[in-house]
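FYI, it's all coordinate maths here, none of it is from the lab. All values derive from a computational prediction rather than experimental measurement. Because the Cβ atoms are built from the backbone with ideal geometry, glycine has one as well, and the counts that use them run over all protein chains shown.
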Number of protein chains: 4
Amino acid sequence: MQEKIRAVVVGGTGYAGAELLRLLCCHPQVQIAAVVARSHAGDSVTEHYPALRGFLDGMRFTGFEDTDLTDCDVVFFATPHGVAMRYARQLVDAGVKVIDLAADFRLRDTELFRRWYKMEHTCPDLLAESVYGQPETMREQMRSARIIGLAGCYPTSIELGLLPIMEYEKAHPGTFDLTTLIADSKSGISGAGRKADVSLLQAEMNDNFHAYGIKGHRHQPEIVQQLRLLSGNNALRLNFCPHLLPTIRGIHSTIYVRLKNPDDAIDVQRLYEERFKNEYFVDVLPAGSHPETRHVRGSNFARIAVHRPEGGDLIVVLVVEDNLVKGAAGQAVQTMNLLFGLPEPTGLDRPALAP
Amino acid sequence: MQEKIRAVVVGGTGYAGAELLRLLCCHPQVQIAAVVARSHAGDSVTEHYPALRGFLDGMRFTGFEDTDLTDCDVVFFATPHGVAMRYARQLVDAGVKVIDLAADFRLRDTELFRRWYKMEHTCPDLLAESVYGQPETMREQMRSARIIGLAGCYPTSIELGLLPIMEYEKAHPGTFDLTTLIADSKSGISGAGRKADVSLLQAEMNDNFHAYGIKGHRHQPEIVQQLRLLSGNNALRLNFCPHLLPTIRGIHSTIYVRLKNPDDAIDVQRLYEERFKNEYFVDVLPAGSHPETRHVRGSNFARIAVHRPEGGDLIVVLVVEDNLVKGAAGQAVQTMNLLFGLPEPTGLDRPALAP
Amino acid sequence: MQEKIRAVVVGGTGYAGAELLRLLCCHPQVQIAAVVARSHAGDSVTEHYPALRGFLDGMRFTGFEDTDLTDCDVVFFATPHGVAMRYARQLVDAGVKVIDLAADFRLRDTELFRRWYKMEHTCPDLLAESVYGQPETMREQMRSARIIGLAGCYPTSIELGLLPIMEYEKAHPGTFDLTTLIADSKSGISGAGRKADVSLLQAEMNDNFHAYGIKGHRHQPEIVQQLRLLSGNNALRLNFCPHLLPTIRGIHSTIYVRLKNPDDAIDVQRLYEERFKNEYFVDVLPAGSHPETRHVRGSNFARIAVHRPEGGDLIVVLVVEDNLVKGAAGQAVQTMNLLFGLPEPTGLDRPALAP
Amino acid sequence: MQEKIRAVVVGGTGYAGAELLRLLCCHPQVQIAAVVARSHAGDSVTEHYPALRGFLDGMRFTGFEDTDLTDCDVVFFATPHGVAMRYARQLVDAGVKVIDLAADFRLRDTELFRRWYKMEHTCPDLLAESVYGQPETMREQMRSARIIGLAGCYPTSIELGLLPIMEYEKAHPGTFDLTTLIADSKSGISGAGRKADVSLLQAEMNDNFHAYGIKGHRHQPEIVQQLRLLSGNNALRLNFCPHLLPTIRGIHSTIYVRLKNPDDAIDVQRLYEERFKNEYFVDVLPAGSHPETRHVRGSNFARIAVHRPEGGDLIVVLVVEDNLVKGAAGQAVQTMNLLFGLPEPTGLDRPALAP
């Protein structure tokens, strides 16, 4: 039997960190070596997460100063932007894999990074060798990577939702109009993070719904970067409009793509089924379906339906995922499995919690 | 002092009917003459609606057979499709105004009606004289109407959201691309009606979100009919994609419109502010805003924000309304006020319930 | 026509303050003279409360330094504890009525106040003349009061729920066991206040439920004080167990009282109906009912059902109220009406928002 | 390696049946032999439960007529009352274990059964040999049982919550007053079942809360039966007051027990910790805690806190469980593990889904 992967989670008190602990504590090939949470160093993990009582009893959060990050096989950064790049060099040099759930290693263009994240990128060389972490679209490039900039939650839903069309466009340029893409996305409120913000209170957000960031959202350039890569079309443009749902978890992206020729006889249902038939975590629903966020709640699956209303020129793709699992911690574990040669579903092969 | 308007509500046990009772019982110029509810005739109204205890004590639902619909000034039909058209002739002949909250008098084209509602229209002559009921877009035509086919909930949000653009297009044809309109709408679950349907249970829909009717929804032809009328452009096309929110009330429509010329310097914020400055119930939010459904909860207001992300060719309009008020019962009362010469806000001049 | 009451609201940015604005802006006999909100002085009120657009346009929050609190008829303090008592003397001397929604004038015993609120009471003389503000139980004492310490949200539900029993016990001592009272209360999350606290986030509290403060809650001594007053029994004891509901609004108190004699033939349904038959805002439901929090949502009504399961020695009283209305702002307005000689329902005579 | 247990689930379309499928499809020692659902025979299981796509693909619901219930090791009845007793004889004779999640084998007294379930018990002999299924309180009796009448959801929470006190009372009679027990329970709405009932709609129950069945609930005699058994005190009485929460899952029972001697120095915290220290699925929280329903969401754990407010004579026990897991399907699987000699946590050793 293989020795267990020793994993460190940095940033254990946000929602992505907590979700990593939930998944890793039951992963058959992982041992959690440490959980770093600066502001809560010394606290019992289960005091903060009573749901983990019986699983992580006795474990305490540590601080950076008393944690040897290099004494493990992989470090997950479930931190704000800017943290992973401070530690990446040291970890890579020590042979430790880095999986950053924040944005430090997502955008290839340091200028774009500065503009959207309001900070200088401090290790452009590592950025150059790092790989964008989205297994279904980037598997081969990821396999031997030392640093992964894990895809964001919204981007994962949109990149998966458009993958078959992007690849088809690459093979048959001019089939789709890639300059008028629209992604109207809706996210459960855990996507806004675990922060003491009045606008995220239950009394404000329950029985409520609204858009935000319509004039520009950080995930937009990330999605465009990947869609251009997948389609090979650098003229591709996307309007991305995020909304906040009064649910705890779940992203639903409604994606609009136009065919250039309204008479094009392309069978999009079959295109999607073919493309994803070997992907464990991507489920193409039968024609005419409408995926629901509850049907991926707590699981690493994405479910997709593709429509062509009234046989017109508009393709409507509906994608659901759990923003904390396939959109964050689950995808991070899937990535770890890939990096360490394990079957990707290891520790993730559980159905959603519905109802 | 003017005599009170004697109103009858037919269909008192659905959500729109209940909302009519909530609004009419406090309307200073209305007396509720009868509430018809076939399957509950004889029952106490407040037994079904304890929230109305203290307001409609002693009132009982009646059946059609024991109610003289012609003995009043106005009849509201908060019924399924097909009911109002059975009674309209008799009422009109008796000088009673008819306000139908269902679809009998919405579509001008009886063929379209048959296709979408699976029934024959039985009084095409009355349909021809009836007026579509949406005061902000159809006020002058409505004023002297005898029969009103009240606008649907989704259509109201989209028609209001596009009104300034439709009128601008009529005056300056070719400014906008009216063949690629998209309305991505989200509705609270009361919009699905008060019916014993497992898919609408709290245990199914709480913490959940999904699209429905992507291949075609009855409101689509209604919206297209009105937008063509407002813009004078019969080539106008619209993709309408509805979704169900895990909220009780509230519609949020996110509407996408493209400028034909990406360099067009049109000031959409000002266009919207100017158009609606005299409309009591339509509130254009400051530039950069994102309206929230809770800010219209229980009220007859629609709130609108208009964006042009990154100054590109796409205009994004965000509209919220309460589907049961501005989208149904409130608009019906506003319409009644208009028909009877009362100030439109009468009985509706209350702020939303937030939080 | 009477001149309008000029009202100042201090603490305009919490939930009770916002609710006061919602109610006062439509009150036919009130003019809002100023809204004090220290940390937001200068901000537009409707920027914080878009739901009030169209009602308080142009009004701005003021600070204490630029507001003459004595230039009005009544000041509502919707502030944390300790604020009202700093201004009460000055206001009373100027002939301005004080209605404190916090706890400064609730407890008669300054020692208890210090123990539960961790501060010294600075004006015990004013406390002595102040009156506890709960119209249904204290109307006559309140009528000429200069300072009102408005009842808390939980206390209102429990004091109303037990009023007929307390009065019966006063007239017939020994009927009920007043040493084993239990109130198991559940409150919507707005009752926890509008504060940036992670434990109140939608992502934490939606689809969740828990008790809190089981070892002791500030409302317990307040309730006991009033129940002893109403029953004339100083040996009365109460266990009060509050819980947090994943709703925005609404309190449901389930109250357990034992008869001393299990064979006592007392007709509690009639006792309750008789006691409350002239109270506009207290609704005794028919025997066998279960009141629901939605049936008082946004309204000033309390609804009560009283049960005696299997004819045993236990009386179970079920009470619902909207914690922000009858439990705070609505009761404050009712109190103002009482103090200024208006009919108590003025500005409050609207049904609940249901669904 | 042991051969897998062949399990049949009867009643696959209610919430408990669906939850059984979710748990059994990942159980390492179980093979699902058939899923009986009369009204949906022939339908694909995953068409009804898209969350199980990838796990039960290809499986179809069967009818009774085309299912040999005796061709398996265990049959779970997740059906309405009255079904299991029609099949129990045949199954027992064939050596198949019966686990009934309904009430056919819960009440020892057929007279009580008839009174509360409005039907005659058709196999009192089998009832006599059947065992009440609640592993923590009845483990030894259950081990060799052929028929299990699985404990109800509310009863499980209350029996676990009172177990240490019942046993202590048995050993030290007269410590507690067993004639004044009160259980104030709150259940998520899935506890009301998956039925097309208007009162369970999202639009009715979201943002709502109410009690029900105050005059008498079927679970009351079941709880009393078990508490009398555990305490050995047949004078024990309990008032049980259930309420419906606007959550999908989760039961919270708040239980009130009085000490006979208010000066009794009993250490209830220690009593509870000692009693449950070897129970995998029962977690006694540290003194002063308040368990939350989300911390057991989707898991088979019960979490308990015990309080003695102000050191008085009242003990307050707070218990949470997931009504569909520990309150139904999870407890059924735990029971199956026990009956077949597997470690009880097999297939159930996963943390709750929080947030």
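Some values worked out for this structure:
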item	result
Under 5 Å, built H, 5+ apart or other chain: amide partners of D:HIS81	D:ALA103
Percent of beta bridges antiparallel (DSSP, the range D:154-324, rounded to nearest 5)	70 percent
Percent RCO, i.e. relative contact order, over the range D:154-324, from Cα pairs under 8 Å lying at least 6 residues apart	30 percent
Trypsin sites (Lys or Arg not before Pro) within the range A:259-355: DSSP coil, no more than 16 neighbouring Cβ in 10 Å	A:LYS260, A:LYS277
Computed FRET value (nearest 0.05) for C:LYS215 with A:ASP57, which takes r as the C-beta separation and R₀ as 35 Å	0.90
Taking chain B and dividing mean pair separation by its residue count, relative contact order in percent (alpha carbons under 8 Å, at least six apart)	17 percent
Linear extension gain, B:MET119 paired with B:ILE266, 0.36 nm per residue minus alpha-carbon span	48.5 nm
Reach of D:LYS260 by Cα under 22 Å, taken over lysines that are not fewer than 8 positions away in the same chain	C:LYS215, C:LYS260, D:LYS170
Karplus-derived HN-Hα couplings along the range C:289-297 (A = 6.51, B = -1.76, C = 1.60, θ = phi - 60°), whole Hz, x at Gly and Pro	7, 10, x, 10, 5, 5, 7, 10, 4
Sparse-neighbour loop sites [trypsin sites (Lys or Arg not before Pro); the range D:79-136; at most 12 other C-beta within 10 Å; DSSP]	D:LYS118
Antiparallel content of DSSP bridges confined to the range A:1-108, in %, to 5	5 percent
Pseudo-label separations to other copies for C:THR346 - Cα-to-Cβ vector, 7 Å, nm	2.5, 7.5, 7.6
Per-residue Cβ neighbour rank within 10 angstrom, fewest leading, A:MET119, D:MET205	A:MET119, D:MET205
Label spacing, shortest first and in nm, from A:GLU140 to its equivalents in the remaining copies (7 angstrom along Cα→Cβ)	6.6, 6.6, 9.2
Percent antiparallel among DSSP beta bridges (both partners in the protein assembly as shown, rounded to 5)	45 percent
Relative contact order computed over the range D:5-129 (Cα-Cα under 8 Å; 6+ residues apart), in percent	23 percent
Centroid-to-centroid separation of the range A:12-54 and the range D:218-287 [C-alpha atoms, Å]	31 Å
Selected from D:ASN206, D:ASN233, D:ASN300 as most flexible by GNM, with chain D as the system and alpha-carbon contacts under 10 Å	D:ASN206
Integer Hz, Karplus 6.51/-1.76/1.60 couplings in order for the range D:59-67, x for Gly and Pro	6, 10, 5, 10, x, 4, 5, 10, 10
Under 21 Å from B:LYS195, Cα to Cα: lysines that are on another chain or at least 8 residues apart	B:LYS118, B:LYS186, D:LYS195
Spatially proximal lysines relative to C:LYS4 (Cα-Cα < 24 Å; intrachain offsets below 8 disregarded)	C:LYS97, C:LYS326
Whole-Hz couplings from phi, Karplus 6.51/-1.76/1.60, listed for the range C:209-219; x for Gly and Pro	7, 7, 7, 7, x, 5, 7, x, 9, 4, 6
Pair C:LYS195, D:SER199: separation of 7 Å Cα→Cβ label points (nm)	3.8 nm
Neighbour-count order for D:SER289, D:SER39, fewest beta carbons within 10 angstrom listed first	D:SER39, D:SER289
Gaussian network model of chain A, Cα within-10 Å springs - most flexible of A:GLU204, A:GLU292, A:GLU129	A:GLU204
Selected from C:GLY17, C:GLY298, C:GLY312 as most flexible by GNM, with chain C as the system and alpha-carbon contacts under 10 Å	C:GLY312
5 Å binning of all Cα-Cα separations within the range B:5-129, expressed as whole percents from 0 upward	2, 11, 21, 22, 18, 13, 7, 4, 1, 0
